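Enquirer: First the structure, then my questions, so here it is.
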Amino acid sequence: MRETPPGDGAATGAVLASARDLGIARNGRWLVQGIDLCVRRGEIVTLIGPNGSGKSTTAKAVIGLMKADAGSVWRTPGLRIGYVPQKLAMDRTLPLTVARLLTLTHRQPRAAVHAALEAVGIPHLANAQVHGLSGGEFQRALLARAMLRDPDLLVLDEPVQGVDVQGEAALYSLISQIRERTGCGILMISHDLHVVMAATDTVICLNGRVSCRGTPQAVISNPAYQRLFGRTGADMLAVYRHHEDGTAPCGHAGHDHQAEPDEAAPGSQAPTNRPAEARHAG
Ligand SMILES: Nc1ncnc2c1ncn2[C@@H]1O[C@H](COP(=O)(O)OP(=O)(O)OP(=O)(O)O)[C@@H](O)[C@H]1O
Ligand SMILES: [Mg+2]
């Protein structure tokens with residue numbers, strides 16, 4: 001299969017940020033090497049890969065939190081970035097309201113805070129204590145916090161961690177809606193392969209280097225993807241195929257993922273024992 005060069009997925013918007021031949025080394029070891037990627041306005045690019053494959057490292061380099069030791073990173077001048085890190089260095093037991101969490105590092109008018117909470121579906125939690133939030137509510141609060149800067153580029157490192165199956169689908173749907181509404185670009189990291197596949201324009205499969213990349217359809221039929229994800233990848237083919245039968249892959253029009261039978265339970269057992277003919281040409 002042809003390797004898709006960075007940035008030539010479905011999106012045609014202006015380039016927001018890109019990396020070329022990016023390498024990051026620590027203690028004499030390359031954490032990632034030879035990474036090319038590009039996020040355009042209005043595009044969702046998702047990094048997938050096993051633990052330790054360099055997803056967070058790559059995302060941090062793209063937004064300038066880690067310096068490139070090889071290659072280069074480019075960001076459009078004045079780029080506003082909203083970032084939800086994989087780990088937040090804060091003590092969740094400290095007394096802190098949601099509204100205060102949103103304004104800790106950047107002062108914001110109350111109306112803006114309310115609008116951000118409204119956008120992520122938790123306007124009623126502005127005065128709630130952060131330590132009392134459920135996992136899904138906390139992730140929504142972090143998303144609101146990232147959105148408060150009216151970002152051109154949203155970088156979401158495992159945005160649905162700790163969220164239940166239904167909440168996952170709702171959050172991914174929300175992320176798609178944010179893209180539709182604001183036109184921002186999104187660089188996302190996720191382990192939820194089949195949900196990600198449905199909601200993404202460009203998938204980049206990492207394992208220290210780029211194993212494969214392209215549209216979800218192209219990636220799932222790539223042998224490198226199948227080697228990396230094994231059975232999960234094979235199951236993914238079957239799940240994704242559901243969308244090919246008469247309907248376009250979902251997610252791009254911001255429709256309700258919960259209405260999709262295969263996606264209503266992202267964490268549930270995907271169909272297994274699908275024959276090889278479930279595979280399709282990318
Ligand atoms: N600051 C650092 N110093 C040294 N090694 C690091 C540093 N940050 C990350 N690493 C190492 O780089 C590799 C990639 O880490 P990274 O966090 O990018 O992986 P990941 O793909 O995000 O994994 P996960 O799915 O577990 O979040 C790992 O082996 C990790 O231990
Ligand atoms: Mg990570």
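Enquirer: Pop the C-beta distance of V165 and Q86 into the FRET formula with R0 = 30 Å and round what comes out to the nearest 0.05.
Expert: Computed FRET efficiency for V165 and Q86: 0.90.
Enquirer: Further question on the same structure: What nm value, rounded to one decimal, do you get for the distance between T12 and A115 when each label is placed 7 Å out toward the C-beta?
Expert: Result for the modelled spin labels: 3.0 nm.
Enquirer: Can you give the FRET efficiency for H191 and R100, using 1/(1 + (r/R0)^6), R0 = 30 Å, r = Cβ-Cβ distance, to the nearest 0.05?
Expert: So, using R0 = 30 Å, E works out to roughly 0.50.
Enquirer: Ok, one more. Can you give the relative contact order of region 8-77 as a percent, counting alpha carbon pairs under 8 Å and 6+ residues apart?
Expert: Rounded, it is 41 percent for region 8-77.
Enquirer: Report the full-extension gain for the segment D21 to R107: residue separation times 0.36 nm, less the Cα-Cα distance, to one decimal in nm.
Expert: Using 0.36 nm per residue and subtracting the Cα-Cα distance, I get 27.3 nm.
Enquirer: Residues of region 201-216 with the amide nitrogen closer than 20 Å to a label point 7 Å from the Cα of L65, along Cα-to-Cβ, please.
Expert: 204-209
Enquirer: Here's a follow-up. Sort V32, V165 so that the residue with the fewest other Cβ atoms within 10 Å of its own Cβ comes first and the one with the most comes last.
Expert: V165, V32
Every number in this text was worked out from the coordinates using simple rules, so none of it is lab data. These figures come from a predicted structure and were not determined experimentally. With ideal geometry, Cβ positions are generated from the backbone for all residues, glycine too; neighbour counts draw on all protein chains shown.
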